[in-house]
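The values are calculated or read from the model by the stated rules, or taken from the named source; none is laboratory data. Everything quoted here is computed from the prediction, not taken from an experiment. Positions of Cβ are generated from backbone atoms using ideal geometry, with glycine treated the same way; all protein chains shown enter the neighbour counts.
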Amino acid sequence: MTLLIIYILLGMLQGITEPIPVSSSGHVLILQTILEKFNQTLNIDFETLATITNLGSLVAIVILFWKDIVKLVKSFFTYLFTKNKTSEVKKDYQYALKIILATIPAGILGLIATKFGWLDLLEDNVKFIGLMLLVTALFLFLIRNFKGKKESDKISFFDALVIGLCQMISIIPGISRSGATIVGGMFRNLKRDTAFKFSFILYIPISIATSILGIKDLLDLSISKANVVLYIIACLTAGIFTYIFTKWFAKIVKEGKLIYFSIYCIIIGFVVLLFL
């Protein structure tokens, strides 16, 4: 029962922190450190669990943005393979290209970091994660009053590249992916809701790639039936909470209240630095 509760809590943690700008990977690693300090007998494969719960978050985001995804994919192939070049189709085609462009930096760095094990070195240092949470807090503070003027159709390819570079930086544990990409978008004068939408659609391709690589590794593991049930519960929990908190976060962004997350990251960052 204790293990079931822990898996549910980890699923909740992933689901709550994935959409909001506080670093889900950082929080999972902080919780892992706390659990290991107080209970050395827990037998949890946190890497496998992270892959499973991330899949739950991915499904939730896809459900939330399903209409946008279908429209973009349809327009992309319509523009490429038919004579339909209407302004609406062209606009969606170019938006899809910008998503692809913004995905490339994080994809390249992710492959390099995985190959050389850079992330493993950073993930073992919880103090570093605390420091990066303070960096996240700083950037959220800097853009607290930004409103921006650009709608989705005004996003340039350079804007997309800048946001993609911000997503690349968020590979570092403790740097929030949603926070980094929304900050990048708002620095490029995107409206708050425009930056939010681009950030979350951008999450989908990189998360799909991560899930595919993670599931490939899972196939090489022998997982007991009991653990399969626990993983499914954690995945469903993560998906439910991601769905709820993404919708909530959309309202927070629109209202310009990112300062609250800046304060939260400052508090957690200092707690980690001082006590873990």
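Of the residues in segment 115-137, how many are loosely packed, with under 12 Cβ neighbours inside 10 Å and among the aliphatic types (A, V, I, L, M)?
So the count comes out to 1.
Please work out which residue is surrounded by the most Cβ atoms within 10 Å (Cβ to Cβ), limiting yourself to segment 138-166 and to residues that are part of a helix (DSSP H, G or I) and among the aromatic types (Phe, Trp, Tyr).
Of segment 138-166, the ones part of a helix (DSSP H, G or I) are 138-142, 152-154, 157-166.
Among the residues that remain, those that are also among the aromatic types (Phe, Trp, Tyr) are: 139, 141, 157-158.
Details: Phe139: 24, Phe141: 16, Phe157: 12, Phe158: 11.
Out of the qualifying residues, it is Phe139.
Among all residue pairs at least 6 apart or on different chains, which show Cβ distances below 8 Å where the first residue, located in segment 193-221, is within 16 Å of Ser152 (Cβ to Cβ) and of a type in the set (Asp, Glu) and the second is modelled with pLDDT under 90 and part of a helix (DSSP H, G or I)?
none
Working only within segment 114-144, note down all residues that are free of Cβ contacts under 8 Å to residues at least 60 places away in the same chain and under 17 Å from the mean Cα position of the chain (by Cα).
Once the filter is applied, which keeps residues that are free of Cβ contacts under 8 Å to residues at least 60 places away in the same chain and under 17 Å from the mean Cα position of the chain (by Cα), segment 114-144 yields Leu119, Val135, Phe139.
Considering only residues that are of a type outside the set (A, V, I, L, M), in a helix (DSSP H, G or I) and in contact with a Leu (Cβ under 9 Å, 6 or more places away or on another chain), which ones fall in segment 33-55?
Filtering segment 33-55 for residues of a type outside the set (A, V, I, L, M) gives 33, 36-41, 43, 45-48, 51, 53-54.
Then keep just the ones that are in a helix (DSSP H, G or I); that gives 33, 36-38, 46-48, 51, 53-54.
Correct list: Thr33, Glu36, Lys37, Phe46, Thr48, Thr51, Thr53.
Test Val73 against the stated conditions and say whether it is of a type in the set (Val, Ile, Thr), surrounded by fewer than 17 Cβ atoms within 10 Å (Cβ to Cβ), touching a helix residue (DSSP H, G or I) at 6+ places or on another chain (Cβ under 9 Å) and over 21 Å from Ser178 (Cβ atoms). Don't jump to the end; show me each part of the working.
Working: of a type in the set (Val, Ile, Thr): yes; surrounded by fewer than 17 Cβ atoms within 10 Å (Cβ to Cβ): yes; touching a helix residue (DSSP H, G or I) at 6+ places or on another chain (Cβ under 9 Å): yes; over 21 Å from Ser178 (Cβ atoms): yes.
Taking the combined requirement at face value, the residue satisfies it.
Taking only segment 250-276 into account, find how many residues are in contact (Cβ under 8 Å) with a residue 12 or more places away in the chain and hydroxyl-bearing (Ser, Thr, Tyr).
Selection size over segment 250-276: 2.
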